[in-house]
Structure formats: C-alpha cells, structure tokens
Amino acid sequence: MRQTCIGAIGSNIPVRPTHFRAHVGAVALGFALISIQARTAFAANELSLYGHFAKHETSYQPGPSSSLIRHVAPDSALPLVAAPALYSESFWTAFADQDLFTLRQAARSEAEARFAEAMTLLAGGNHESAESAFVAVSQQSKDLNAAVAAQVMLASTLRYQGKWKELRDLPLNSKLSADDRKITSDLESWGRAFANAGKEVVRFPSKPTVMSLKITPVGTPVIRVRVNGKEYDFWLDTGSSMTVISSRVASDAGISPLSPDVLAVRTFAGSAPVRAATIDRLELGPVVVMNSPAVIIDASLMYLRASADGVPAGGLQVDGIIGWDAIRQLDVTMNYAGGWIVLKEPMPRSMTAAQQNLAWLGRPCVEMHSRSGGDLHFALDTGAQATFLNATVLERVGVGTKRSDNRVFGIAKTDRQTSRVVPVLAVDVGGLSVRLQDVIVYGPVSSGLINSDGILGSDMARYGTIHIDATNGVFKLGESPDSEDATE
C-alpha cells in the first residue's frame, strides 16, 4: 500500500448552489495542513480560495510595490445593470474558476465590474489596492450579491495582511441581512483575538543565508529555529495559513495566549481548539521575525501518526510549523537532495503578468500548463508529500486513471484511502516540463467558493531546487540561487 502525507483534508466541501449569497455562506475549508476556522456553523473565516487564477491581460506592474491602480472595465458590449438581487451565473462561475478575463467580461453591474477589478488587483499582489476596492463594493447596496462577496474577500484580505484591528472593526453594510453579516463574523473573531498583537517586524541580514534543511520521513522540509532563544525543529508548510506552535513549545518558550478567546483550526483529524499568540522573537538563522503571529495547539495533536518508514511507533512529534504568513515574506530556495535552504530578503521587481505564476487567493496558487488541457491551477502545499489531482479536471486534461491502493495520512490521524491515480501527467510548471507519475486523484470536489485543480506537493523537489518568491509572484523549479554571496 502506498502511504502519502497530505497534512490535513477538510472534505466537507459543499457543491456550489445557484445563488451566490447562499453560496458564500456555505464556504467550507479545503486542502491544507492547518486551515483556520471559527467554532460556528460556518467555516467562512478562512476561505477555500486556493484555485484558479488567470493570466492578466493588462500590463501594469503587478508586484506589491506597484502604486498604479488600473481600472479594468467590463466588455462595453455588455450593458451595466443594477438590481438588489442581481445574480449572474457566468460571472460567479468565472469567479469560482478564477478566470479573471471572463470575470471582467461578464460583469453586468458597476459593482461586479469593481469586484472583478479588485480580484485582478489581488491576484497581482496589490493587496492594499484590492482592499480599497473591496471596501467600496461591500458598502454599496445596488448589488447585494457583490456586496456579500466583497465583504468576505475584504475580511480575508485584512487577515492575510495581519490588519487585526481593522478586521475586528470590519465595516458592515447596513443593507445586509443578519445571515449575510454572519458570514464574516467568524473572520472578525480572529481580528478580536489578535487585536492586541504587536506590529510584526522582519529583519534580514545584509547577505543571503544558507541553512541546513532536513526532510522528515514523509517528505516535509524542516529547519532549526529559535523561539525566544530556544531551539526547535519547525516544518516549512506553505499549506498552513499561519505559524503554529505546540502547547509544549509555548510553555517552554514562555509564550502566553493573547486573549481568552478559543478559536479553532481544522487538522486532518478534524477541528481542534487553538489560542491566538505572538512569538516575541522567531529566528530562522539570522532572519529575525519580531512579534510573529501564531496559534497555540495542544501538543497531543502535533503528532504525525503513520506506518511510513522512519516514523516512530508513537508518531512523529511536530514542534511547530512555519506557515505561509511567514514564508510569503521571504525569498526561499530549497534543495531537498542537497539538504540546504537559502533565505534572503525579497526585492520587489518590475514584472509582467506573463512572468508570474504564483498568486495568493486565500491560498498560494501556482499556475501550471498541461499538454492537453490548458492551464491548471494548484494549491501550493509543501506539507503534502505528493501532488494530487482533482477528479473534476480529468476529462479536460485528457488523462485516464488506474486503480491503486493508497492511504493518505496527516497530523493527529491516519485515515483516508484513495483508489485512483493518473499514471502520467505531463505539465509545464515552474519553468520546467515534467512528467508526474502516479498522481493521486481525489474528489471530484467543487470547493464551494473557488475551485482548485489539485495540490502541488513536496514531490516537486525531485526536479531540483524549489524557489518561492511570493513578493514577485514567482514559483520556479530547478533554479540555483546566487550562492556566492550567501553566508552560513
């Protein structure tokens, strides 16, 4: 039996309903090691937003350093209309598929056009500009479907930027119903829990630094870190939206919860209670993060229990996880085979949209190209041992499957069995043409808000180095860093 680590799977993902306001309220969590959710009937605070994003047809500078806000108007042949209950299936389907070109073309109201513009800005890394556009759409009352969607996206974007007080005090549209407002209240609870957190500051050395990189028996990259002066081994997991520490490490390092509020995360075993915290000083070699936001989870859940080679009988203890919230602020190059990682300060560059293949849309998303099915968009998850394919795209990419006995396991539990794999999937990803073998198939899954074609796991390391530069929207394989100026 093939055993594969994916970290966690939140499989209670509903099929997309026909009315968007109900559709937003039904948001559920997707595939990631740690996916934030609040303890309520909705899981809307951490959107299942990994998924498709289309290349931009515009030529503005897309990086975070760009100050140019380009208004993208919808197709002039389509009349703009305004109605409180306006619903356009083609528009919201394009949103779910992250087809930004069609999203702009299908806009039928001024609110939809502004929402499409906001999504384009978000995909291009212009988070501040996207935030402003979401605010404008969320406050208008002519198209309440767009208002609800913008409210959810605004809350998610504020959380991504660590704007906790703004998230806590999220402005609500007075025209929305109580059910509509409930959708974002769960995200606001995270704002309240982290409202007293100090400002996060990242300090880089003058030169890139090389550190030792270890690989767990299940293929997850691990580095040695210092937490308030004490050393621990932390996973590097792009599928975890936040940095996570076990209660044992928190106690040992003198980390206390910021508030009495009990939040929750979804692990492979299900929902688990967590507390909001900040790490006063988190050191990744000479890279120092002050006031790093984190969640504290019970140490009994921070074990990877599996029968894989090298995993102890009692499970593999996990001290903590460096999540995407920290990784996105670094320029990272990893070489699993060589056992090293290079960390350096990211430098914003002038990039065209065609040069970018990595975007954040609630999850870090990588654009790939299949030989027969056009563009594919996978959630980037270094906590997953292997790459997975959503059964929804099998016909589009023109590949068949074969039966295979697989067991998927993750934090706190070993549970899921899968029975199908794609023998060979030929794709262009990260600057390389690769032939992925025995790709595990899951689903079919329509994630309820925004879809994903699959999960890009740590098995990509077999093709050489993995380079992640979220600042400039770049994911590359097989690229060697400029190491002559790197320091140990």
Given a cut-off of under 8 Å on Cα pairs at least six residues apart, what relative contact order in percent is computed for segment 140-246? 17 percent
Full extension from S141 to D169: what is 0.36 nm times the residue separation minus their Cα-Cα distance, to one decimal in nm? 8.1 nm
Extension reserve of the S256-S419 stretch, reckoned as 0.36 nm per residue once the Cα distance is removed: 54.3 nm
In whole Hz, the Karplus estimates of ³J(HN,Hα) for segment 287-298 (6.51, -1.76, 1.60; θ = phi - 60°; x where Gly or Pro) are 7, 10, 10, 9, 6, 6, x, 7, 10, 9, 10, 4
Regarding segment 208-261, what whole-number volume in Å³ per residue does the convex hull of its Cα atoms give? 136 Å³
Rounded to one decimal in nm, the spacing of the 7 Å Cα→Cβ label points at R435 and Q105 is 3.5 nm
Classify segment 89-185 as rounded, prolate or oblate from the Cα gyration tensor: take a ≥ b ≥ c as the square roots of its eigenvalues, call it rounded if a/c is under 1.5, otherwise prolate when a/b beats b/c and oblate if not. oblate
What order do you get for 344-350, 126-132 when each peptide is scored by the mean count of other beta carbon atoms within 10 Å, highest first? 126-132, 344-350
Under the Karplus curve 6.51 cos²θ - 1.76 cosθ + 1.60, θ = phi - 60°, whole-Hz ³J(HN,Hα) for segment 356-372, x wherever Gly or Pro sits: 9, 9, 10, 9, 9, 9, x, 8, x, 10, 10, 8, 10, 10, 8, 6, 10
Sorting M460, M290 by accessible area (1.4 Å probe), largest first, what list results? M290, M460
Spelling out what I want: for every residue of segment 173-180, take phi, set θ = phi - 60°, compute 6.51 cos²θ - 1.76 cosθ + 1.60 (Karplus), and round to whole Hz; glycine and proline get x. 6, 5, 7, 6, 6, 4, 5, 5
For the ranges 146-156, 291-301, 195-205, what's the packing order if you count other beta-carbon atoms within 10 Å of each residue, average per peptide, and put the highest first? 146-156, 291-301, 195-205
With R₀ set to 45 angstrom, the calculated FRET efficiency between the beta-carbons of R403 and Y463, to the nearest 0.05, is 0.95
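The values are calculated or read from the model by the stated rules, or taken from the named source; none is laboratory data. Predicted model only: the values in this text are computed from it and were never measured. Counting neighbours? That spans all protein chains shown, and the Cβs are built from the backbone with ideal geometry, glycine included. Quick note on the areas: whole protein, heavy atoms, side chains included, nothing else; ligands and nucleic acids left out. Shrake-Rupley method; radii C 1.70, N 1.55, O 1.52, S 1.80 Å.
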